[in-house]
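Below you'll find the structure, written out as C-alpha cells, and then a few comments.
Taken together, the values in this text are just the output of simple stated rules run on the coordinates, not laboratory data. Since the model is a prediction, treat every value here as computed from it, not as a measurement. As a convention, Cβ positions derive from the backbone with ideal geometry for all residues, glycine included, and neighbour counts pool all protein chains shown.
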Amino acid sequence: MLDFAIIGGGPAGLTAGLYATRGGLNNVVMFEKGMPGGQITQSSEIENYPGQLDVVTGMELMEKWPEQCQRFGLKHTMNEVEKITKNGDIFNLILGTGETIEAKSVLIATGSVPKPANINGEQKFFGKGVSTCATCDGFFYRGKDVAVIGGGDTAVEEAIFLANICKTVYIVHRRDEFRASPHEVEKLNKTKNIIQILNHTSEEIVGDDSGVTGLIVKSKITNEIKTLDVHGVFVFVGRNVLNQTLVQNDGSFLCDVNSSGEVIVDLNMKTSVPGLFAAGDIRINAPKQVVCAAGDGATAGIGAIAYLQ
Ligand code: FAD
Ligand code: NAP
C-alpha cells in the first residue's frame, strides 16, 4: 500500500515527489512510462526558468532533477498507469503490465501531448517527414527546406531552432499576428532564412514513397492555393491533456474535468475526489510552464502530506 502514488515524471511529478518525501512521507512511488523529465526535454531552448542564467536545452535543464527529487526517498518505476479507480478510501492503479497497485493518495501529473492539425497527409507521413519535435528530428533536414505549422511559443521557438539547421523554414500561421511572446516574435523577424506565411491555412501534406515533398497552403485573403516545396513539416498547434487514466469503465471521469478534459482543481491542487490531486499541464488554467508545473507539484506534495495526516 503506497502512501502517495505520483503518475507522471515531468516537472510536476518530480517536484511533488521531492516535497512529499522531504516532508516525511515514506512510501512514495512515481510511475513514469518513459524517462523522467517530461515534454520539456524536447525543447531546444529554455531561457525563462528562474535561476538558470544560461540558455539551455530542455534535456540540460532537466538533467539533475531526477537525482535531486529522489534524494529523500522517492522511488521511480518505469511503468504506464492505464487506469485509476477508487474503492472506499483506497485508490487502485492498474498498470500496463496488468498489475494493480493500491495507494492512499494519488497525484495525476501526466501532462500534455502535441495536438494534431487534422489535415490530410499528417497521419500518413507521420515519422516520414511529419514531426512534432524539432530537437529530435531537425537534424534529418539539414540543408533542406521545411515548414512549421502554428503561431504559438512552440512554433516560433522551434522555427528559429530549425533555421540554424535547415536552408529555409516556412512558418505557416492562420492569422496575421503570432500568439507567441513578443520577445520570440522579434527574434523570428530577425531570422533571415525564415519565411512567414501569415493568414494562410495548411490544407494538405503531400509526398511520395520517399516521404514528404510539400505542404499545400491556402490564403485566407485571396483563397489562392500554393504548394511549399518542403521535405519536412513540423506541427506545433497546441497541446491536448493526457487524462485517459481517469476514465472509468462506464466512460465517466473519476473526478471533475472541464470540456477540454482538463482536471478541475482548487488552489491546493485538490480535485473533486478526496486524496486525488492534479498538477501541471493537466489542470485547468495551467500556464503551461516548467516553473508553474513544478510549483503545482510542490503544492500537491504538501497537500498529500496534510491529507494523510
Ligand atoms: P509533462 O512535462 O508533459 O510530463 C508528464 C509526464 O507524464 C511525461 O513524462 C509522460 O511520459 C508521463 N506520463 C503521461 N501519461 C502517463 C501514464 N499514463 N503513466 C505513466 N506516465 C505517464 N515551458 C517553459 O516554462 N519554458 C519553455 O521555454 C518551454 N518550452 C517548451 C518547448 C516545447 C517544445 C514544449 C513541448 C513545451 C515547452 N514548455 C516550456 C512547456 C513545459 O514543457 C510544460 O509546461 C511542462 O513540461 C509541464 O510539465 P508536467 O509535469 O505537467 O507535464
Ligand atoms: P498554443 O500557445 O496553444 O498555440 C497554438 C498555435 O497553433 C496558435 O497560434 C494557434 O493559432 C495555432 N493553431 C491551433 N490549432 C490549429 C490548427 N488546427 N491549424 C493551424 N494552426 C492552429 O500552443 P504551443 O505553442 O504549443 O504552447 C503551449 C503552451 O506551452 C503555451 O501556454 C505556451 O506559452 C507554453 N510554451 C511556453 C514556452 C516558453 O515559455 N518559452 C515555449 C513553448 C511553449 P491561433 O493563434 O490562431 O489560435
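Brief remarks on what is shown
- Antiparallel bridge percentage (DSSP; both residues within the chain; nearest 5): 45
- Viscosity 1.567 mPa s, temperature 4 °C, Stokes-Einstein D of the chain from Kirkwood C-alpha radius, µm²/s: 63
- Spin-label pair I264-I195: with each label point 7 Å from Cα along the Cα-Cβ axis, the two points sit 4.9 nm from one another.
- For G98, neighbours were defined as the other residues whose beta-carbon sits under 13 Å from its Cβ, and their charges (Lys and Arg +1, Asp and Glu -1) total -2.
- Per residue of the chain, the DSSP helices (runs of n ≥ 4 H) give a summed -39500 (n - 2.57) that works out to -6000 deg cm²/dmol at 222 nm.
- At most 10 other Cβ within 10 Å, DSSP loop - chymotrypsin sites (Phe, Trp or Tyr not before Pro), the range 82-156: none
- In the chain, the sites counted are GluC sites (Glu not before Pro) in DSSP loop states with at most 10 other Cβ atoms within 10 Å, and the longest stretch holding none of them, exclusive of the sites, is 1-98.
- For the chain, a crude dipole built from +1 on the beta carbon of Lys and Arg and -1 on the beta carbon of Asp and Glu, taken about the Cα centre, is about 180 debye to the nearest 20.
- Positive-end extreme of charge dipole, the chain - chosen from C136, C166, L25 (charges on Cβ): C166
- Legend note: in the chain, cysteines whose Cβ sits 4.7 Å or more from every other cysteine Cβ are C69, C166, C255, C292.
- FRET efficiency, 1/(1 + (r/R0)^6) with R0 22 Å, evaluated for S272 and Q309 via beta carbons: 0.55
- Listed pairs K75/K104; K115/K288; K115/K144; K83/K124; K104/K270; K86/K288 exceeding 18 Å between Cα atoms: K115/K144; K83/K124; K86/K288
- Lys/Arg +1, Asp/Glu -1 at C-beta; the range 229-303 dipole; positive extreme among P287, L246, F236: P287
- Computed FRET value (nearest 0.05) for M1 with N118, which takes r as the C-beta separation and R₀ as 45 Å: 0.55
- Tensor-based shape of the range 79-237 (alpha-carbon gyration tensor, a/c under 1.5 rounded, otherwise prolate or oblate): prolate
- Spin-label proximity, R22 to the range 47-77 - amide N less than 19 Å from point 7 Å beyond Cα toward beta carbon: 49-53, 61-76
- At an R0 of 35 angstrom, the distance between the Cβ atoms of N92 and E204 translates into a FRET efficiency of 0.20.
- The range 180-273: trypsin sites (Lys or Arg not before Pro) in DSSP coil with no more than 14 other Cβ atoms inside 10 Å: K192, K220
- With the simple model of a label 7 Å out from the Cα in the direction of the Cβ, D256 to T213 spans 5.4 nm.
- Between L53 and E177, the distance separating the two model label sites (each 7 Å from Cα on the Cα→Cβ line) works out to 3.7 nm.
- Cα pair count fraction exceeding 22 Å, expressed as % - the range 179-309: 59
- Taking amide H atoms as placed 1.01 Å from N in the peptide plane, the amide H of V257 lies under 5 Å from those of I264, each 5 or more residues away in sequence or on another chain.
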